[in-house]
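Structure, as structure tokens:
None of the figures in this text is laboratory data; all of them are computed from the coordinates on show. As the structure is a prediction and not an experimental result, all values here were calculated from the model. Quick reminder, even Gly has a Cβ in these numbers, built from the backbone with ideal geometry, and neighbours come from all protein chains shown.
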Amino acid sequence: MNTGIVDLRSDTVTRPTSAMRAAMAAAEVGDDVLGDDPTVIRLQERIAEIMGKPAAVFVPSGSMANQAAIRAHTEPGDEVIAHRDSHIIHYETGAPAALSGVMIRPLDGPAGLFDAADVDGAVRPNNAHSPWSKLLVVENTHNRGGGSVWKMDRIERVAERARAHGLKSHLDGARVWNACIATGHAPAEYARHFDTVSCCFSKGLGAPVGSAVCGSRETITRVHRFRKMFGGAMRQAGILAAAALHALEHHRERMADDHANARRLAEGVGGIRGLSIPLPVETNMVFFDVEPALGTAAAVCERLSARGVWALATAPQRVRCVCHLDVDRAMIDRAIGEIAGTAAPSPGRSLAHA
Ligand code: TLP
């Protein structure tokens, strides 16, 4: 579909392709709350197999996947260790506090990453005063880290420390697909270091709705219960599961194009005076910083929007662009041109370093 808009706000904006819609229309369905939707069952088996885990549960969103997993691993008053910039802190409406009654111990580190010593330093002593450190959450790729990818040896180190401290671990793998394309690792190679892994079908994979949580049968039984408690049990969900199955089959390899487009966009934007690329571009995301002389990131996004390019301001001077299935190379080139036009100093507006 070509609406004339280059929509770089997120990889969540993709619309189902006609082949995906055909798969959805043809889906055999049942009642998944009663446990007999054959397409949901097939998706759960397939995603568990891909992640190398015994069981999986289909959920409506990545946020619910993370929150049901957090709830399954913790009790109120426990503490969850996660990077300061993680999605569960910034973008899930305070749900860890509201739904699970847990505290979060935020860790620092470049691009959403941290290391074994950070985990060691964050685990609380077991005494009558401290909360119990219960769960480590890792996000790969890391959204606010620029779509950054965790190296396997770093994952091994932090997961090993979590286990040594008796913590459970959860991988927010909303975009683990991108990490796999960037590194050549299979999803199960990442997943095997964690008790649970969540992944999204609705981002780079291009399905309209849906995520999954994978783990042991016992843990997934708990996640399934909390999915119901949080209002996420769905009925003829096979229509949605069919889109996810189609995406898993047909849309994984093509994400390499999104990564190439992101690199091209970063090269183009990095050459524009007044704009800079603050984070390495490893997958499908490009963040750029705006010199104050050009206005705020929100103002730049507004001017860009008037030129048919949509992006999101994620900080006062930072803009995020995400490449995906509905953006081709020509659209990226157009976006670079429009961003350059938006950034060009106009009379009365001067660049600090011009
Ligand atoms: N991220 C969205 C927004 O919420 C920011 C986006 O546009 O990137 N984990 C990660 C790492 C995510 O980036 C997201 C979505 C989620 C979980 C939640 O997924 P949904 O939106 O399905 O609840």
Quiz item: Which residues, counting only those in the stretch 179-220, are assigned to a helix (DSSP H, G or I) and free of Cβ contacts under 8 Å to residues at least 12 places away in the same chain?
Solution: E218
Quiz item: Looking at R163, is it surrounded by fewer than 24 Cβ atoms within 10 Å (Cβ to Cβ), among the basic types (K, R) and touching a strand residue (DSSP E or B) at 6+ places or on another chain (Cβ under 8 Å)?
Solution: yes
Practice problem: Scan the strands (runs of 3 or more DSSP E) fully inside the stretch 59-178 and keep the ones with 1 or more residues being near the ligand (Cβ under 10 Å from one of its atoms), touching a His at 6+ places or on another chain (Cβ under 8 Å) and of a type outside the set (S, T, Y). | Solution: 133-139, 168-173
Quiz prompt | The one condition in (1) away from the ligand (no atom under 16 Å from the Cβ); (2) under 24 Å from V176 (Cα atoms); (3) out of contact with any helix residue (DSSP H, G or I) (no Cβ under 9 Å at 6 or more places or on another chain) that G4 fails to fulfil | solution = (2)
Self-check item: Single condition Q44 does not satisfy, out of (1) within 18 Å of the chain's Cα centre (by Cα); (2) under 30 Å from V102 (Cα atoms)
Solution: (1)
Quiz item: Does L205 satisfy the criteria of being touching a strand residue (DSSP E or B) at 6+ places or on another chain (Cβ under 9 Å), within 12 Å of the ligand (Cβ to nearest atom) and over 28 Å from D289 (Cβ atoms)?
Solution: yes
Exercise. Please go through the stretch 77-115 and pick out each residue that is hydroxyl-bearing (S, T, Y) and in contact with a strand residue (DSSP E or B) (Cβ under 6 Å, 6 or more places away or on another chain).
Key: S86
Exercise. Answer with yes or no whether A207 is surrounded by 20 or more Cβ atoms within 10 Å (Cβ to Cβ) and farther than 29 Å from V123 by Cβ.
Key: yes
